[in-house]
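The values are calculated or read from the model by the stated rules, or taken from the named source; none is laboratory data. Everything quoted here is computed from the prediction, not taken from an experiment. Note that we place each Cβ from the backbone using ideal geometry, even for glycine, and neighbour counts take in every protein chain shown. The accessibility values were calculated without ligands, DNA or RNA, using every heavy atom of the protein model including side chains. Shrake-Rupley method; radii C 1.70, N 1.55, O 1.52, S 1.80 Å.
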Amino acid sequence: MFFLKNIMFKHLLFPSLVISLLSLKIPSVATTIDCGSTPSELQTKLSFACFGTIEQDGSIPADYNSDIGYDISRQWQAGYHVTQVLKLGDLAESFSPQTLTISNMINSGGGDINSVSIKEFPLIHQQSLSDLIQSIPSLKNTKVKHFPGLDSYGGNQRLSQLIKRHSSLKNLTLEQLGIGDFSLSSIPGLAQAQLNQFPGWGNQYLSNLPYFSTIPLAQMPNAWVANNPVIARIDALRSREGQQDRTLSGSYKEGFNVPCYSDCDYVELDDIENQGASVSLPVEGIRWISGKKQKVSGGEGCLAWINNGQEPTGIHPFGPAFKVVLWDVNEQTGNITTKLFFRFRASCGFFGSGATPYFIGPVSWMNHKTNDFVVAGFQGQTFNSSSATSTTPNTTNVGSGNNQPITTGSSNGSVNGNGNNNNNVTATNSNLPSIDSTQITQSSQTSSYTDINLNPINQDISWSSWQFSQVLPANSYTASTNYLCHQENCGYSIGMFNLSSSDPFVMAAVGKTNAGDAWLNQVNNGATPTTAQINEFFPKTLQQEVFETKIEAIASNVEEQIDPLTHKPFVNGRKVQRIAQVYYGGEAALIDGDIPIGLGDDSLLQASRNSVELYLSRS
């Protein structure tokens, strides 16, 4: 088997993609898009801006909006970009983008928060003053003179006092207050606020989020995983053929060996060694069926009914974010086209969570010809070696959220088929890498889930904030570190729990008094905190209170995230590990990110592992 390496196929897979994107402009993005020109660059640079426009009209009815809790209805026309159709809430259970801070979102997308105005961010522009204060608690104690556009009301009073004295102001939006031309950075605490702190976050189209479209998917909170794709060669093209049993295409619901029974268009794949039957490797002779004709069952739970539960047959070499579908197959010219289809996930309240079929598309992807190389799967994926029998691959079912194989039987899998399949096929969502560390090479550029020791990570461990406090580096309540800056936030780590003086929780607690507020401003501007000042403004009891509030907020947030290893919520040791990652690396810390964070020689991943081991030793 041959696998993707950085030195392979410099322009083999992506020439048409790169050319088509050189001048592409996306709403809320002011620069052209760089999606990379090699497979390895694609893994780290691919973003929503790299996807093209939708080629067909479509719509989603509003029948179940009240059950789901936000507006899933929408209508689009050919020519819409995917970011004009997908909403932030659609991605909540796949990428967890709602946990991004506003600053991190803009910076990760290549922007500067100081250069983005309030009116360029509709979610913030439409917030009422009252909602904004509730979303950013530290604003209650912010003096009016530090808030944009309100100087005429008296600068020395606090915002909480202002809206009590002028109750008519609290329900006015920032647009109605006329402050849309001010920079987002002019609102204290806004940069550090998470998107999900603001009412209406789930209903925001991706195109209305500044620089969101250009965030590499590998940098999302629940990062896109694309390690070691399997490369295959297009050996032959066939159209309007009879029954084809040995396939690698299908869906999460039916598995990825769905037969086609009649009128089958497909490409036959070969291993890239191209030595014929004398060297037969797993993808030798396997068929990738065109989804332009063949439809399969898709979707999950409360959203599976959308589009009559149907989606085009295809593959997921890049994970569950989108589906790659073989489309046009031209035997005469030897050319094929591929398309992308998208879905969304959502929680339906009492009815649990669900996912639509992959039906939002088609979106142009890559064009190929005979003897081109294509990404066909992931290392560790099991391909059927015989058309008469089926194999039993590693069972990782992302689609249903459990680790049981999907068994399909008596399903023709084709919209034009009329045969019966009497063979039960045990299939798997094998687009995900195996957690066997011998199979996948860790990349320093993306998060890796392949070398995590699941024992004792999966032990039944109860969460305790006090117990977690015991695993932090030993310190004193009057300690302070060197002055450090992270993005635009600067300050000292102070006290027993290494809490930053620019941390919103610290600023909200210490800044309750005028003297404390003034001290923090001095410290965050570089003044060294003294022992006497720490004892006065940030004493032991207040440090404990702030730590408890902060760590429980992190724990609550982590409980809403999805563990890429299990595609279920973080639990047990993995929950402790993820809490440690957020505590050390910040709210937008990459899940299992093997990146330096200033904790000696330990990466974020290693530091979180150490925390779990210490946590267990103290239980």
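What to note about this one:
- Taking each residue of segment 327-348 that is on the phi > 0 side of the Ramachandran plot and looking for partners that are buried (at least 20 other Cβ atoms within 10 Å of the Cβ) and part of a strand (DSSP E or B) with beta-carbon atoms closer than 7 Å, six or more apart or interchain, yields Gly334/Leu237.
- Whichever residue in segment 95-119 is open to solvent by 40 Å² or more (accessible area, probe 1.4 Å) and part of a helix (DSSP H, G or I) and, among such residues, is farthest from Gln56 (Cα to Cα): Asn114
- Residues (in contact with a Phe, Trp or Tyr (Cβ under 8 Å, 6 or more places away or on another chain), within 25 Å of Ile60 (Cβ to Cβ) and among the polar types (S, T, N, Q)) located in segment 313-347: Thr338
- The number of residues in segment 144-169 that are among the basic types (Lys, Arg) and crowded, with 18+ Cβ neighbours inside 10 Å comes to 1.
- Residue within segment 31-45 that is modelled with pLDDT under 60 and open to solvent by 50 Å² or more (accessible area, probe 1.4 Å) present: yes
- Qualifying residue in segment 180-202 (condition: part of a loop (DSSP other than H, G, I, E, B), over 24 Å from Ser502 (Cβ atoms) and of a type in the set (S, T, N, Q)): no
- Subset of segment 213-230 (residues that are modelled with pLDDT of 85 or more and within 15 Å of Gly585 (Cβ to Cβ)): Gln219, Met220, Pro221
- Looking only at residues of segment 189-201 that are in contact with a Leu (Cβ under 8 Å, 6 or more places away or on another chain) and within 11 Å of Leu132 (Cβ to Cβ), we find that the one that is surrounded by the most Cβ atoms within 10 Å (Cβ to Cβ) is Leu190.
- The numbered conditions (1) over 20 Å from Val471 (Cβ atoms); (2) touching a helix residue (DSSP H, G or I) at 6+ places or on another chain (Cβ under 7 Å) are all true for Ala532 except (2).
- Any hit, segment 127-139, residues being within 21 Å of the chain's Cα centre (by Cα) and not hydroxyl-bearing (Ser, Thr, Tyr): no
- In segment 521-542, the residue that is nearest to Lys145 (Cα to Cα) out of those that are buried (at least 21 other Cβ atoms within 10 Å of the Cβ) and in contact with a strand residue (DSSP E or B) (Cβ under 8 Å, 6 or more places away or on another chain) is Val523.
- For segment 74-94, the set of residues classified as part of a loop (DSSP other than H, G, I, E, B) and either open to solvent by less than 10 Å² (accessible area, probe 1.4 Å) or of a type in the set (Asp, Glu) (or both) consists of Val85, Leu86, Glu93, listed by residue number.
- Matching residues in segment 568-583 - criterion: being in contact with an Asp or Glu (Cβ under 9 Å, 6 or more places away or on another chain) and surrounded by fewer than 21 Cβ atoms within 10 Å (Cβ to Cβ): Pro569, Val571, Asn572
- Residues of segment 238-263 satisfying the condition of being at pLDDT 90 or above, outside any loop (DSSP other than H, G, I, E, B) and under 35 Å from the mean Cα position of the chain (by Cα): Thr247, Gly250, Ser251, Cys260
- Taken together, the criteria exclude Gly354 from residues that are modelled with pLDDT of 90 or more, assigned to a strand (DSSP E or B) and either open to solvent by less than 10 Å² (accessible area, probe 1.4 Å) or not β-branched (Val, Ile, Thr) (or both).
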